[in-house]
Amino acid sequence: MQATSSLHNLLLLFLLAGLDPSKTQISPKEGWQVYSSAQDPDGRCICTVVAPEQNLCSRDAKSRQLRQLLEKVQNMSQSIEVLNLRTQRDFQYVLKMETQMKGLKAKFRQIEDDRKTLMTKHFQELKEKMDELLPLIPVLEQYKTDAKLITQFKEEIRNLSAVLTGIQEEIGAYDYEELHQRVLSLESRLRDCMKKLTCGKLMKITGPITVKTSGTRFGAWMTDPLASEKNNRVWYMDSYTNNKVVREYKSIADFISGAESRTYSLPFKWAGTNHVVYNGSLYFNKYQSNIIIKYSFDLGRVLAQRSLEYAGFHNVYPYTWGGFSDIDLMADEIGLWAVYATNQNAGNIVISQLNQDTLEVTQSWSTGYPKRSAGESFMICGTLYVTNSHLTGAKVYYSYSTKTSTYEYTDIPFHNQYFHISMLDYNARDRALYAWNNGHQVLFNVTLFHIIKTEDDT
């Protein structure tokens, strides 16, 4: 074993020294004699040697030098091995860092490429935000006026409170009847103020909230805006033609679960989807006519019917989606309305206020907006709001005030989630828009801007 190990170390020493073992001659008296060397198929070195006399190895000074050299070679081999491991580790680290540097370089290049695009996008977003804020300027100005009125009310209440406190301390100091009348007057003014708060200008539409998915692509569903708080009945009318069955549900929860409370078979088929329930009665357009029907749910019979003079019907002047939507019946805080078009008004929208009992037209307004270009429409506080489409991208595009007989173009977007709206009606009690959206019954919330007017403004 010692001879083999020594032989191995000797060969290693030869190789490190750059010597060819086959050409090195060493006298037997001095050390090892090498006769030949070769390589096996695996590349290992094979040598034929003659060992020196045993007694010479232990005493030979060169043997000691050889052993010292062998020890140094072993130490160097270990150092080289450690250095190799460290080099491999550092090389892997360098490769990893190179990958990270390439990734950072790519990111910096992307940031540089996108810088102009991002700046343009952010500028556009800021511009849109500013455009949204512009309508609020007159709103803030009006609130300054409203704040003065509210401050007046607060001051009067404070004065009356002081008077009442004084009465408790000194009965008879003021006339009771006079004080009572002042309290009643203030209460009346406060009630009038609250009534004015129910009306306002449409500022925003949010949602929708999907209540249920049922029926065909076209239909109508509604609640009564004049019903009491405990009365939450829902009425459901599927399709826009060839139907006269109305389904009733006691509440929204029953409507969602499908628990019908009653069904009504109307004496006539209806046309379109623009019906309305108002004060316990259903108002609808009789099929293939311009006749309006008032049907009482409680009595189960027709209470009134009347022809809407000159109104187009049976897809003569429908909304953009068709569906016999020529005559749109609706209600708001002011009362009952009919929206339609006539030849006399060149196919443009006509707004008529109706007597809810007799169905007589009490007043009409002719607009310049083509009925066939309107997606849907609804009334809020005597103002008609018209959408420009029934499809994706629809928005409230036009409004007409019956109070001032003026119109304006608006830009109030809303989310047409299911891509096709065939019914859109405002409910004043719920302060919401009821919609039939491609077989989905949905609700939109509305935001109104309220203006409190003083007696001097009226």
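Scan the stretch 295-318 and tell me whether some residue there is among the hydroxyl-bearing types (Ser, Thr, Tyr), buried (at least 17 other Cβ atoms within 10 Å of the Cβ), touching a residue at least 12 places away in the same chain (Cβ under 8 Å) and part of a loop (DSSP other than H, G, I, E, B). Yes, some residue in the stretch 295-318 is among the hydroxyl-bearing types (Ser, Thr, Tyr), buried (at least 17 other Cβ atoms within 10 Å of the Cβ), touching a residue at least 12 places away in the same chain (Cβ under 8 Å) and part of a loop (DSSP other than H, G, I, E, B). The set of residues in the stretch 245-271 being on the phi < 0 side of the Ramachandran plot and in a loop (DSSP other than H, G, I, E, B) consists of Lys250, Ser251, Ala259, Glu260, Ser261, Leu266, Pro267, Phe268, Lys269, Ala271. Taken over the stretch 326-346, residues that are more than 36 Å from the chain's Cα centre (by Cα), assigned to a loop (DSSP other than H, G, I, E, B) and crowded, with 16+ Cβ neighbours inside 10 Å amount to 1.
Based on what the data block shows, is Thr410 within 28 Å of the chain's Cα centre (by Cα), farther than 18 Å from Gly219 by Cα and polar (S, T, N, Q)? Talk me through it step by step, then tell me what you get.
On the way: within 28 Å of the chain's Cα centre (by Cα): yes; farther than 18 Å from Gly219 by Cα: yes; polar (S, T, N, Q): yes.
Considered against the rule, which asks whether it is within 28 Å of the chain's Cα centre (by Cα), farther than 18 Å from Gly219 by Cα and polar (S, T, N, Q), Thr410 comes out as yes.
Taken over the stretch 347-374, residues that are more than 19 Å from Tyr283 (Cβ to Cβ) and assigned to a strand (DSSP E or B) amount to 7. Checked against (1) under 17 Å from Gln288 (Cβ atoms); (2) open to solvent by 60 Å² or more (accessible area, probe 1.4 Å), Ser265 passes all but a single condition, namely (1).
Could you check, for the stretch 410-419, whether at least one of its residues is open to solvent by 10 Å² or more (accessible area, probe 1.4 Å) and closer than 21 Å to His275 by Cα? Explain how you work it out, then say what you get.
Taking the stretch 410-419 as the starting set, the residues that turn out to be open to solvent by 10 Å² or more (accessible area, probe 1.4 Å) are 410-415, 417-419.
Those still in the list that are closer than 21 Å to His275 by Cα too: none.
For the stretch 410-419, residues open to solvent by 10 Å² or more (accessible area, probe 1.4 Å) and closer than 21 Å to His275 by Cα: absent.
When residues in the stretch 347-366 are screened for being open to solvent by less than 50 Å² (accessible area, probe 1.4 Å) and more than 17 Å from Leu329 (Cβ to Cβ), 2 of them pass. Kindly indicate whether Asn242 is free of Cβ contacts under 8 Å to residues at least 60 places away in the same chain, open to solvent by less than 70 Å² (accessible area, probe 1.4 Å) and in a loop (DSSP other than H, G, I, E, B). In short, no.
Looking across the stretch 196-241, the residues that are farther than 24 Å from Leu391 by Cβ and acidic (Asp, Glu) come down to Asp224, Glu229.
So is Val396 within 29 Å of Gly280 (Cβ to Cβ), touching a residue at least 12 places away in the same chain (Cβ under 8 Å) and not polar (S, T, N, Q) or not? Working first, answer last.
Values: within 29 Å of Gly280 (Cβ to Cβ): no; touching a residue at least 12 places away in the same chain (Cβ under 8 Å): yes; not polar (S, T, N, Q): yes.
No.
Considering each residue of the stretch 424-437 in turn, none proves to be within 17 Å of the chain's Cα centre (by Cα), more than 12 Å from Phe218 (Cα to Cα) and either open to solvent by 20 Å² or more (accessible area, probe 1.4 Å) or touching a residue at least 40 places away in the same chain (Cβ under 8 Å) (or both). In this entry, Ile380 is excluded by the filter for residues that are in contact with a helix residue (DSSP H, G or I) (Cβ under 6 Å, 6 or more places away or on another chain), buried (at least 19 other Cβ atoms within 10 Å of the Cβ) and in contact (Cβ under 8 Å) with a residue 12 or more places away in the chain. With respect to being within 17 Å of Met379 (Cβ to Cβ), in contact (Cβ under 8 Å) with a residue 40 or more places away in the chain and buried (at least 21 other Cβ atoms within 10 Å of the Cβ), Tyr283 fits the description.
The values are calculated or read from the model by the stated rules, or taken from the named source; none is laboratory data. Note that the structure is a prediction, hence the values are computed from the model and not measured. Cβ: placed from backbone, ideal geometry, glycine included. Neighbour counts: every protein chain shown. The area values use the complete protein model at the heavy-atom level, side chains included, leaving out ligands, DNA and RNA. Shrake-Rupley method; radii C 1.70, N 1.55, O 1.52, S 1.80 Å.
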